[in-house]
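Contents: one structure, followed by commentary.
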C-alpha cells in the first residue's frame, strides 16, 4: 500500500488508469489485467474512495441533460464579497466548474445552458443580481475539440 507521503502507489495508479478508460470495468477484470485477486482490487478501490482519492460517477453529456450551449464565464467581484458570491454561484445547477482565480477575473466558471435565452437570464438576472459582482465576461464555446477525464496519476 502507499505510504503517507504518496497516497497512490503503482497498483493504485494502474487501477485508476483502467477505471478512467472504462468506469464499469469489474473488479475481477481489473484483477485479471493486473495479476491480482478480486478481493485485493475491491479493497484498493474502497480505500481510494474512502480516502477521497477518486470518485466513480456516471457523468451525463450536455446533450443528455438537454443543454446545447456552454460558456466559460469570467466574473469580477468586490474582494469582500468573493466568498459569498462563490458560495452562491456554486449552488446553481448550470455551473459545472467554479474556481477562484488570480488575474483578470476573480471567478472562472463553466456552465451549460438550454439555449441563448437561458444563458442571458443566467448572466443578467443571476450573476447580475448578486451583490459584489462588478463585471462579467462570457465566452460561448462553439465546438469542443477535446474533453477528457483522463490525466496521468
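The values are calculated or read from the model by the stated rules, or taken from the named source; none is laboratory data. Nothing here was measured: the structure is a model prediction, and the numbers come from that model. Note: ideal-geometry Cβ built from the backbone for every residue, glycine included; neighbour counts use all protein chains shown.
Brief remarks follow.
- Residue 99 vs. criteria free of Cβ contacts under 8 Å to residues at least 12 places away in the same chain and either touching a helix residue (DSSP H, G or I) at 6+ places or on another chain (Cβ under 7 Å) or under 23 Å from residue 6 (Cα atoms) (or both): no
Yes/no per residue for (1) farther than 30 Å from residue 127 by Cα; (2) touching a strand residue (DSSP E or B) at 6+ places or on another chain (Cβ under 7 Å); (3) in a helix (DSSP H, G or I):
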residue	(1), (2), (3)
7	yes, no, no
14	yes, no, yes
18	yes, no, yes
25	yes, no, no
40	yes, no, yes
44	yes, no, yes
54	yes, no, no
71	no, yes, no
76	no, yes, no
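- Here residue 85 meets the list (1) in a loop (DSSP other than H, G, I, E, B); (2) more than 14 Å from the chain's Cα centre (by Cα) almost entirely, failing just condition (1).
- Of all the criteria given as (1) surrounded by 15 or more Cβ atoms within 10 Å (Cβ to Cβ); (2) modelled with pLDDT of 95 or more, the one not satisfied by residue 54 is (2).
- Selection of segment 112-140 for residues being over 17 Å from residue 89 (Cα atoms) and exposed (fewer than 13 other Cβ atoms within 10 Å of the Cβ) yields 115, 116, 117, 139, 140.
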